[in-house]
Amino acid sequence: MLITGAELADGRVRDVRVRGETIDAVEPTNAGLDADAGERVVDARGRHLLPGAVDVHVHFREPGASHKETWTSGSRGAAAGGVTTVVDQPNTSPPTVDGDAFDEKAGLAADSLVDYGINGGVTGDWVPESLFERPLFALGEVFLADSTGDMGIALDLFEDALAEAAARDAPVTVHAEDETLFDEDALEGDLGGVGTAANADAWSAYRTAEAEAAAVERALDSGAASDAQVHIAHTSTPEGIDAVVEAREDANGGAPPTCEVTPHHLFLSREDARRLGTFGRMNPPLRSEERRAAVFERLRDGDVDVVATDHAPHTVAEKRQGLIDAPSGVPGVETLYPLLLESVRKGNLSLERVRDVVAANPASIFGIEGKGRIEPGADADLVLVDLTNPREIEAGALHGAAGWTPFEGLLGVFPELTTVRGAVVYERDPVTGAESFGESVGRNVRQR
Ligand SMILES: NC(=O)N[C@@H](CC(=O)O)C(=O)O
Ligand SMILES: [Zn+2]
Ligand SMILES: [Zn+2]
């Protein structure tokens, strides 16, 4: 395939040749890259070509909850959103805490249209020896408080896990909330029905910002003491991000800690929770508009290392319950690039920053060779977008199994073409809107 006249994130206009699974050449347009006989040529003038996103935080729900999502439905959403690598979390059923559970999940992940990593989790029943024999992406998300799957663990087990991971150079991703600092009183009284201000706000009042900040600090201290590489998942407060930045500056010798934020904490706040009701219940919860804006600022300024989605689908029926019964989590893998690219279109973020936080940084932090950059020799994981052509996000036009999105009605810039190692996995005709998907070409990024 020869992609001609595409603008890259840094503003250079280039022709990009794909041969087999990798990028063969990146040359100035008209510098002599001519199409071979029979080679597909994509005229990309007026479009931007970006590296496929590496979403290091998804919950594709198999095995155990395929009514919420499957590797097929989840990876179709990923492909249509320009995510070419996903990393699945261990709170499935059975939880991915030993070698057998890893193998079962790996068998199901063979359905994926995009490349994937599989994380291993930590519970009282985990079997580190058999888990670490497998091609694990990372340890995590390790839950310091209960979330979906009730995998919250105590500090001593967390510290054992850090030691096991450090001994094997495996990064550890952490769900950092301290449940002793939750405000139980917030769940007293009338919590209202679905979609009411009462219940939506109560979840944010219950899982306090202080609970996140305290757990982030604890995780960073324990990480530094054990020499483990710690990555804080879904950081939702400026306080949490600032703690990571400080620890990074103090890191002497050891791998510096990193942090991730989600699109829902960047684009939604407690004010939206009032409208979303229980559909806005997730962990950590939506924060005040002031904290949301402060998190966005830290993304723009470079303090945030990674944007990943914490794609956590549940069905409409499951979410349409009272606050205590509705499960936590929102879908998001398909709207990651679209929302961030819309921020670029509006002038709120630079395209290079977006490329770094969704592709280049996650690939380098987790050490996956060949991903996250457009240069000769890299995997041909490519996304073509028209930054002048946003469209409204509508649940009915998305491809995951959840059937709803917390971002309904916001604008997004969606891909026209997505390739995974040179294979076209998604294509949309910009004129007719007709879409097509490719084959299940995904493979484990740790197995190469
Ligand atoms: N974020 C959530 O609210 N839910 C996630 C679990 C998690 O990441 O904590 C899920 O798996 O549903
Ligand atoms: Zn989590
Ligand atoms: Zn998660």
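The values are calculated or read from the model by the stated rules, or taken from the named source; none is laboratory data. Fair warning: this is a prediction, and the values are worked out from it, not measured in the lab. Heads up, the Cβs are rebuilt from the backbone with ideal geometry, glycines too, and the neighbour counts pull from every protein chain shown.
Listed values, structure above:
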{"read-out": "Count of segment 124-151 residues which are crowded, with 19+ Cβ neighbours inside 10 Å, over 29 Å from Thr22 (Cβ atoms) and away from ligand 1 (no atom under 14 Å from the Cβ)", "value": "4"}
{"read-out": "Those residues of segment 136-158 which are among the small types (Gly, Ala, Ser), closer than 25 Å to Asp115 by Cβ and either more than 11 Å from ligand 3 (Cβ to nearest atom) or not in a loop (DSSP other than H, G, I, E, B) (or both), in sequence order", "value": "Ala138, Gly140"}
{"read-out": "For Arg248: the one exception among (1) among the basic types (Lys, Arg); (2) surrounded by 24 or more Cβ atoms within 10 Å (Cβ to Cβ); (3) without any contact (Cβ under 8 Å) to a residue 40 or more places away in the chain", "value": "(2)"}
{"read-out": "Filtered residues of segment 389-423 (kept if closer than 25 Å to Leu49 by Cβ and hydroxyl-bearing (Ser, Thr, Tyr))", "value": "Thr418, Thr419"}
{"read-out": "Among the residues listed as Ala308, Ala293, Ala317, the single one being assigned by the TED database to the domain that holds Thr258, within 15 Å of ligand 2 (Cβ to nearest atom) and not aromatic (Phe, Trp, Tyr)", "value": "Ala308"}
{"read-out": "Check on Asp250, under 20 Å from Ala359 (Cβ atoms) and assigned by the TED database to the domain that holds Thr72", "value": "no"}
{"read-out": "All positions within segment 56-101 that are touching an Asp or Glu at 6+ places or on another chain (Cβ under 9 Å), not aliphatic (A, V, I, L, M) and not in a loop (DSSP other than H, G, I, E, B)", "value": "His57, Trp71, Thr72, Gly74, Ser75, Arg76, Gly77, Gly81, Thr84, Thr85, Asp88, Gly99"}
{"read-out": "Residue under evaluation Leu398, criteria (1) under 24 Å from Ala255 (Cβ atoms); (2) within 17 Å of the chain's Cα centre (by Cα); (3) of a type in the set (A, V, I, L, M), criterion not met", "value": "(1)"}
{"read-out": "Selected residue (only one of Thr92, Thr72 is closer than 28 Å to Glu260 by Cβ, within 16 Å of ligand 2 (Cβ to nearest atom) and among the hydroxyl-bearing types (Ser, Thr, Tyr))", "value": "Thr92"}
{"read-out": "Qualifying positions in segment 108-143 - among the β-branched types (Val, Ile, Thr) and within 16 Å of ligand 2 (Cβ to nearest atom)", "value": "Val122, Thr123, Val142"}
